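A short worksheet on the structure shown next.
The values are calculated or read from the model by the stated rules, or taken from the named source; none is laboratory data. Quantities reported herein were computed from a predicted structural model and do not represent experimental measurements. Backbone-built Cβ (ideal geometry, glycine too); neighbour counts: all protein chains shown.
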Amino acid sequence: MENKSQAGPHAQAIAHLRSADPVMKRIIAEVGPCTLRPQRDRFKMLASSIISQQISTGAARSIKKKLDELLGSAGLTPVHLARFSPEELRTAGVSPQKAKYLLDLADKVNQSEVNLQNIGRYSDDKIIQQLTVVKGIGHWTAQMFLIFALGRPDVFPHGDLGVRAAIRDRYDLEELPDQETSIAIAANWSPFATIASWYCWRSLEVAKAK
C-alpha cells in the first residue's frame with residue numbers, strides 16, 4: 001500500500017527525500033503529508049512578508065487584520081494601497097519604515113518595474129534580482145516568494161532561522177549551522193529543497209506540540 005506521506009502533488013519530491021536522507025525520512029514520517037500550496041495573490045504575499053519581518057506571528061496577524069479593515073472592500077491591491085499615506089498605514093499598526101516599504105512595493109508594481117503577473121517566467125535568480133529592487137525586500141523575502149507564491153521546487157533558504165534550528169535539532173548539531181554546513185546537509189535534498197525546507201519548518205511545530 002502506498003505510504004500516506006507520498007500521496008498528492010509532492011509524491012516525487014517526498015520519495016526522493018525519503019530515499020536520499022534518512023533524517024528527512026524520519027521527519028516526513030512524523031509530520032505526514034506535505035500540504036504546501038502556492039498562494040495565488042502574489043502582491044498580498046509580498047506585502048504580508050514585509051509586515052511579518054522581525055515581529056511575532058501574533059503581532060503580524062493583528063496588523064494584517066487592522067490593515068484589511070483600513071483598506072476595506074477594495075482589499076490589498078497595489079493600486080488601492082498606493083492611495084494611502086504612511087501616516088494612514090500607521091493607524092493599522094504598520095511601522096513607519098514598513099509603511100514606506102509597502103508603498104514602495106505598490107509603486108514599483110504599479111509602474112511595472114516589478115511585473116508580478118509575468119514574473120513566473122523567469123529563473124529563480126532573475127526573480128530574486130527583480131524583487132530585491134523593492135525597499136524592504138531582501139534575499140530571504142524573495143526566497144519566500146519563490147516558495148510560497150510560485151511553488152518553485154528547489155529553493156533552500158539557508159539563512160532562515162527556522163530551517164537552521166530544525167537542522168541543528170534533527171542532525172544533532174551543538175549550535176545553529178553556518179551557511180556552509182547548512183548547504184552541505186541540504187545537498188541531498190536537491191532538486192526538492194523547497195519541500196525539505198517545508199518539512200523542517202513543520203518539524204519544529206511537531207516538536208513544540210510534543
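Numerical summary
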{"quantity": "Hits in segment 96-112 - residues which are more than 17 Å from Lys44 (Cα to Cα) and surrounded by 12 or more Cβ atoms within 10 Å (Cβ to Cβ)", "calculated": "Gln97"}
{"quantity": "Residue under evaluation Val134, criteria (1) in a helix (DSSP H, G or I); (2) in contact with a Leu (Cβ under 8 Å, 6 or more places away or on another chain); (3) buried (at least 19 other Cβ atoms within 10 Å of the Cβ), criterion not met", "calculated": "(1)"}
{"quantity": "Residue in segment 13-33 that is at pLDDT below 95 and loosely packed, with under 12 Cβ neighbours inside 10 Å present", "calculated": "no"}
{"quantity": "Among residues of segment 55-84, those that are surrounded by fewer than 14 Cβ atoms within 10 Å (Cβ to Cβ) and in contact with a helix residue (DSSP H, G or I) (Cβ under 8 Å, 6 or more places away or on another chain), counted", "calculated": "3"}
{"quantity": "Qualifying residue in segment 197-208 (condition: at negative phi, at pLDDT 95 or above and not in a helix (DSSP H, G or I))", "calculated": "no"}
{"quantity": "Qualifying position, being in contact with a Gly (Cβ under 7 Å, 6 or more places away or on another chain), charged (D, E, K, R) and either within 20 Å of Cys200 (Cα to Cα) or not assigned by TED's automatic domain parsing to the domain that holds Phe192 (or both), among Lys25, Lys108, Lys66", "calculated": "Lys66"}
{"quantity": "Every residue from segment 91-114 that is without any contact (Cβ under 8 Å) to a residue 12 or more places away in the chain and either touching a strand residue (DSSP E or B) at 6+ places or on another chain (Cβ under 9 Å) or farther than 15 Å from Ser48 by Cα (or both)", "calculated": "Pro96, Gln111, Ser112"}
{"quantity": "Scan of segment 145-164 for residues that are in contact with an Asp or Glu (Cβ under 7 Å, 6 or more places away or on another chain) and among the β-branched types (Val, Ile, Thr), ordered by number", "calculated": "Val155"}
{"quantity": "Any chance Ile167 is aliphatic (A, V, I, L, M), in a helix (DSSP H, G or I), under 20 Å from the mean Cα position of the chain (by Cα) and over 23 Å from Ser123 (Cβ atoms)", "calculated": "yes"}
{"quantity": "Failed item, numbered, when Ala11 is tested on (1) in the same structural domain as Glu113 (by TED's automatic domain parsing); (2) within 22 Å of the chain's Cα centre (by Cα)", "calculated": "(1)"}
{"quantity": "Residue identified as surrounded by fewer than 20 Cβ atoms within 10 Å (Cβ to Cβ) and not in a loop (DSSP other than H, G, I, E, B) among Gly120, Gly93", "calculated": "Gly120"}
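Residue-by-condition table, conditions (1) in a helix (DSSP H, G or I); (2) of a type outside the set (D, E, K, R):
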{"residue": "Pro38", "(1), (2)": "no, yes"}
{"residue": "Met45", "(1), (2)": "yes, yes"}
{"residue": "Gly72", "(1), (2)": "yes, yes"}
{"residue": "Leu76", "(1), (2)": "no, yes"}
{"residue": "His80", "(1), (2)": "yes, yes"}
{"residue": "Phe84", "(1), (2)": "no, yes"}
{"residue": "Lys98", "(1), (2)": "yes, no"}
{"residue": "Leu103", "(1), (2)": "yes, yes"}
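For (1) at positive phi; (2) touching a residue at least 12 places away in the same chain (Cβ under 8 Å), each residue gets a yes or a no:
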{"residue": "Gly32", "(1), (2)": "yes, yes"}
{"residue": "Arg37", "(1), (2)": "no, yes"}
{"residue": "Lys44", "(1), (2)": "no, yes"}
{"residue": "Ala47", "(1), (2)": "no, yes"}
{"residue": "Ile50", "(1), (2)": "no, yes"}
{"residue": "Gln53", "(1), (2)": "no, yes"}
{"residue": "Gly58", "(1), (2)": "no, no"}
{"residue": "Ile63", "(1), (2)": "no, yes"}
{"residue": "Leu70", "(1), (2)": "no, yes"}
